[in-house]
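Everything below concerns the one structure shown next.
The values are calculated or read from the model by the stated rules, or taken from the named source; none is laboratory data. The shown structure was predicted, so the numbers you read here are calculated from the model rather than taken from an experiment. Cβ coordinates were reconstructed from backbone atoms using ideal geometry, including for glycine residues, and neighbour counts include every protein chain displayed.
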Amino acid sequence: MRISIFSVGSRGDVQPASLLARELLDRGDDVVLGTPDDLVGLPGSLGVPTRPLGFSARALLDSEEGAKWLAAGDMRAFARGVMRFKTERRAGFVEALTEAAEGSDLIVSGVNTMEEASGLAQVGRIPLAGLYYAPRRANPYFPAYPVTTRDLGRTLNRLTYRLVDRSEWRISARYVNLFRAELGLRPVSTSLTSRLRRIPPLEVQAYSSVLVPQLADWSERRPLTGFITPTPVQRRLWGESGHDAELLDWLGSGAPTVYFGFGSMPVKDPQRVIELVSRVAARLGVRALIAAGWSQYGAADERTGGAGTDRVRVVGEVDHGAVLPLCVAAVHHGGAGTTAASVSAGLPTVVASMNFDQPFWGRRLEELGIGALLPYAELTERSLAAALAPLLGPAVVERARAVGRALSAESGVSRAADVLERYASEAAESRRLGL
């Protein structure tokens, strides 16, 4: 089968899609991955055919306005900025996505391109599947995370999804119909969520029922497959070998080490973060390993991890599988992939959330008794020390290890590929029979 995958966003969006594409290729499928220009190296290093979409994912995240909206958690302002960004690049976006979808038996899309994927699926009469890293559809157990992470009760939890749906439609309606016009489709007056209810697509929930047991049997159309995580070999192909002897020696000696990482989220004052982390580490009697990710930690030597002091070490990208098991806890932004990595390593985790699904994962870890949620905007020496200190106790550590063992036993990429291939085969058979 020919399968087109669209993944737009930060590394946290593109990495699992790249791993899924590689799995499908290994099974003999013909796969192409459409992704931002600055992230084509992720799938490309794995040998996945890519289609650059003509823009940089970092352009908006690293802009002054984008960073401000993200840090403040102002998702409406950020969403409006994304719509302007898409509108300005509409013509090239349509062309790139259309080429990526050509001849496909199945289109798989992340949340940020579901509207575009839906239009292309309609034009080409191609089955559509979603790839989600947190709950995006109404359910009685969890409210919509853009509204709150607090349980409001079954009825109000469901209602929050309508509120988000209406808000997103008001922001995106003009762009959606401009995009549809480029495809020769009629304008629409209702949200994508409403339109998809008529012919529900498969929506792969690429996260684990270990962390979200309430949704374990959600729906045949919404299977929880487990987190999609890289192997050590795949990490090495990305240049993230954890076998830096000096770094591993440092981790293996001295006081216990806490991992700090903020992934693709922009940290505009990294020196302040380094100083804050250093003070918290001294206060709690631990050391700190800071993984810079996309943030511009000017003092970091990304090749050797040589920046910092005896108590604080600053590095670039690292192999989570090699490094995290040598730490005693983690503090990070709470993206689904990083959450899966730290919890799989058995680490109690503080989620210093900025936006998107990060508060959701922070709340889940908190409710499971293996973590704490601390909005990044509230990050201070006192608040971070207060959130982290209780997680270093033996009872929390043992719970985190038990959850980590359960997560590590899953094969999310294999399960996701299974359900996608079955869905595509069933759709092909239905077309053959004229159903």
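Just a few scattered comments:
- The criterion of at least 3 residues that are outside the structural domain of residue 85 (by TED's automatic domain parsing) and out of contact with any strand residue (DSSP E or B) (no Cβ under 7 Å at 6 or more places or on another chain) is met, among helices (runs of 4 or more DSSP H) falling completely within the range 169-259, by 232-237, 245-252.
- Residues satisfying the stated conditions in the range 369-389, i.e. in contact (Cβ under 8 Å) with a residue 60 or more places away in the chain, in a loop (DSSP other than H, G, I, E, B) and more than 20 Å from the chain's Cα centre (by Cα): 379, 380
- Selection status of residue 345, without any contact (Cβ under 8 Å) to a residue 60 or more places away in the chain and buried (at least 20 other Cβ atoms within 10 Å of the Cβ): yes
- Search result, residues across the range 127-147 that are without any contact (Cβ under 8 Å) to a residue 60 or more places away in the chain and crowded, with 22+ Cβ neighbours inside 10 Å: 143, 144
- Filter result for residue 162 (among the charged types (D, E, K, R), in a helix (DSSP H, G or I) and in contact (Cβ under 8 Å) with a residue 24 or more places away in the chain): yes
- In the range 306-350, the residues that are under 19 Å from residue 370 (Cβ atoms), of a type in the set (A, V, I, L, M) and part of a loop (DSSP other than H, G, I, E, B): 328, 345, 347
- Answer from 351, 413 - the residue that is touching a helix residue (DSSP H, G or I) at 6+ places or on another chain (Cβ under 6 Å), crowded, with 22+ Cβ neighbours inside 10 Å, farther than 19 Å from residue 260 by Cβ and among the β-branched types (Val, Ile, Thr): 413
- Pick from the range 228-280, criterion at pLDDT below 85 and touching a His at 6+ places or on another chain (Cβ under 7 Å), ranking: surrounded by the fewest Cβ atoms within 10 Å (Cβ to Cβ): 263
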